[in-house]
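The values are calculated or read from the model by the stated rules, or taken from the named source; none is laboratory data. Given the structure is predicted, the values throughout are model-derived calculations rather than measurements. Methodologically, a virtual Cβ is constructed for each residue, glycine included, from the backbone with ideal geometry; neighbour enumeration extends over all protein chains shown.
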Amino acid sequence: MIQQETFFSLQKELQQRQCTLVAVSKLKSIAAIQALYDLGQRDFGENYVQELVEKQAQLPKDIRWHFIGHLQSNKVKYIAPFVHMIHSVDSFKLIKEINKQGKTHQRKINILLQVYLGQEITKFGMDEKETLELLSYYDAQQNDLPFINIRGLMGMASFVADEAILKHEFNALHQMFQIFKIQFFLGKEDFDTRSMGMSGDYQIALDAGSNMVRIGSSIFGARS
Ligand SMILES: *Cc1c(COP(=O)(O)O)cnc(C)c1O
């Protein structure tokens with residue numbers, strides 16, 4: 001069930017702050033997505049390749065699909081024909097595969113590098129040092145990667161309720177973004193995206209400089 005009032009107030013708040021709203025529709029029905037589309041939403045986020053492919057085939061073609069889940073290299077080919085942005089890039093192997101599939105479909109694919117912000121060990125994302133290494137690698141080989149467009153960074157905060165910790169983590173991501181911008185993307189307007197903030201913490205992320213939030217449950221209701 002779409003939380004219409006919440007959606008409209010979110011939309012207004014985010015517009016004022018020049019922040020893009022990605023409505024996270026994982027595990028939600030085609031009908032729910034269509035209903036939000038009918039209210040004007042165009043950016044949607046999905047976590048699972050097969051689910052995304054099935055939904056994309058059935059929904060309006062002007063939806064901008066964001067892939068936000070863990071992506072295996074061997075599955076890039078399924079989303080490469082249409083995906084608007086891949087938020088979860090965390091290896092050079094994945095970059096090379098996205099470039100290859102972009103070439104096949106003759107389209108440049110927007111990607112974000114996924115950085116993990118918390119202290120706990122997580123399976124996905126890179127720390128600052130790994131991100132720096134990957135960017136140095138990319139920088140040296142970017143002429144061979146014409147179908148990749150690195151648009152910025154994506155981060156997820158720790159699963160904690162402590163606002164001070166969340167604030168610290170989001171600020172750290174924004175700082176990393178600014179450093180990488182100077183080091184690798186000076187004068188490149190396309191490196192512009194800080195994807196951070198979800199239903200529970202997006203306001204803290206906004207204050208820390210987020211310009212793309214990924215919000216699911218407060219719009220679509222809790223996932224079962
Ligand atoms: C599910 C998910 C979200 C949305 O989370 P909500 O708490 O429902 O807003 C955002 N980002 C990622 C990477 C997710 O997997």
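Within region 131-165, the set of residues being more than 20 Å from Ile109 (Cβ to Cβ), touching a residue at least 12 places away in the same chain (Cβ under 8 Å) and among the acidic types (Asp, Glu) comprises just one member, Glu163.
All conditions in (1) under 30 Å from Ile30 (Cα atoms); (2) aliphatic (A, V, I, L, M); (3) within 16 Å of the ligand (Cβ to nearest atom) hold for Ile148, with the sole exception of (3).
In region 8-16 there is no residue matching the filter, namely being in contact with a strand residue (DSSP E or B) (Cβ under 6 Å, 6 or more places away or on another chain), part of a helix (DSSP H, G or I) and free of Cβ contacts under 8 Å to residues at least 40 places away in the same chain. The condition of being within 14 Å of the ligand (Cβ to nearest atom) and either part of a helix (DSSP H, G or I) or surrounded by fewer than 22 Cβ atoms within 10 Å (Cβ to Cβ) (or both) holds for Ala205. Taking every residue in region 103-121 that is closer than 18 Å to Asn143 by Cα and pairing it with any residue that is at pLDDT 95 or above and assigned to a strand (DSSP E or B), at least 6 positions away or on another chain, the pairs with Cβ-Cβ distances below 6 Å are Lys108/Asn149; Asn110/Met85; Asn110/Asn149; Asn110/Arg151; Ile111/Ile86; Ile111/Val89; Ile111/Ile150. Among the residues of region 16-36, those that are crowded, with 16+ Cβ neighbours inside 10 Å and of a type in the set (S, T, N, Q) comprise Thr20, Ser25. Of all residues in region 209-224, none are surrounded by fewer than 16 Cβ atoms within 10 Å (Cβ to Cβ), more than 12 Å from the ligand (Cβ to nearest atom) and either over 30 Å from Ala31 (Cβ atoms) or of a type in the set (D, E, K, R) (or both). In region 151-199, which residues are aromatic (Phe, Trp, Tyr) and either within 16 Å of the ligand (Cβ to nearest atom) or surrounded by fewer than 14 Cβ atoms within 10 Å (Cβ to Cβ) (or both)? Result: Phe159, Phe170. Can you tell me which residue within region 1-15, out of those that are among the aliphatic types (A, V, I, L, M) and crowded, with 19+ Cβ neighbours inside 10 Å, is nearest to Met196 (Cα to Cα)? The qualifying residue nearest to Met196 (Cα to Cα) is Leu14. Can you find a residue that is under 15 Å from Ser158 (Cβ atoms), at pLDDT 95 or above and not in a helix (DSSP H, G or I) anywhere in region 115-124? Yes - at least one qualifying residue is present in region 115-124.
Search region 78-90 for residues that are farther than 16 Å from Gln50 by Cα and in contact (Cβ under 8 Å) with a residue 60 or more places away in the chain and pair each with any residue that is among the charged types (D, E, K, R) and surrounded by fewer than 24 Cβ atoms within 10 Å (Cβ to Cβ) when their beta-carbon atoms are under 7 Å apart and the residues are at least 6 apart or on different chains. Once the first residue is farther than 16 Å from Gln50 by Cα and in contact (Cβ under 8 Å) with a residue 60 or more places away in the chain and sits in region 78-90, its partners that are among the charged types (D, E, K, R) and surrounded by fewer than 24 Cβ atoms within 10 Å (Cβ to Cβ) give Met85/Arg151.
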